[in-house]
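Structure record follows, encoded as structure tokens.
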Amino acid sequence: MRKLKIFSDGCSRGNPGLAGIGYIILDMDNRIIVERAKFIGVRTNNEAEYIAAIEALKEALSLDADEVELYSDSKLLVKQLRGEYRVRNPRLKQLHKLLSTIASRFRLFRIEHIRRIENMHADKLAKAAASQGEE
């Protein structure tokens, strides 16, 4: 049994605009085992948030995790994944479906909303990745 914590973030320079994702994966002793930043092209901020969570969960699966705690500063993402908000945007509907499918592969999956200040590491990675598109 492997339990992991994930902090994910996505950003877009413009909405839509050049976008990046960032995430860190920690073990239960809060040691960083994965740190990723990736440029994802032109996307909206909400799309970037979803893609960050999707990529992070895929990586957690590859690390044989069966329990995941996902932390995000995107209230929309968290509330949509919990079913508290409807997903109306057609592009987000596709991403929501994919994220839900991946999340269902874990024995235990929990998603929590955190303040931006608590997500600074992933935020910094996402912003750095978005900046890669300006080069």
Yes/no for TYR85 being among the aromatic types (Phe, Trp, Tyr), within 21 Å of PRO16 (Cβ to Cβ) and not in a helix (DSSP H, G or I): yes
Can you tell me which residue among LEU108, LEU81, LEU92 is modelled with pLDDT of 95 or more, under 12 Å from the mean Cα position of the chain (by Cα) and not small (Gly, Ala, Ser)? LEU81
Look through GLU112, GLU118 and report the one residue that is in contact with a strand residue (DSSP E or B) (Cβ under 9 Å, 6 or more places away or on another chain) and loosely packed, with under 14 Cβ neighbours inside 10 Å. GLU112
Scanning segment 92-109 residue by residue, those exposed (fewer than 13 other Cβ atoms within 10 Å of the Cβ) and touching a residue at least 12 places away in the same chain (Cβ under 8 Å) turn out to be ARG107, LEU108
Flag for ASN46 being in contact (Cβ under 8 Å) with a residue 24 or more places away in the chain, polar (S, T, N, Q) and either surrounded by fewer than 20 Cβ atoms within 10 Å (Cβ to Cβ) or not in a helix (DSSP H, G or I) (or both): no
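Conditions tested, residue by residue: (1) touching a Lys or Arg at 6+ places or on another chain (Cβ under 8 Å); (2) touching a residue at least 40 places away in the same chain (Cβ under 8 Å); (3) outside any strand (DSSP E or B).
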{"residue": "TYR50", "(1), (2), (3)": "no, yes, yes"}
{"residue": "ILE54", "(1), (2), (3)": "no, yes, yes"}
{"residue": "ASP64", "(1), (2), (3)": "yes, yes, yes"}
{"residue": "LEU77", "(1), (2), (3)": "no, no, yes"}
{"residue": "GLN80", "(1), (2), (3)": "yes, no, yes"}
{"residue": "GLU112", "(1), (2), (3)": "no, yes, no"}
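The values are calculated or read from the model by the stated rules, or taken from the named source; none is laboratory data. Here the structure is a predicted model, which means the values were calculated and not measured. With ideal geometry, Cβ positions are generated from the backbone for all residues, glycine too; neighbour counts draw on all protein chains shown.
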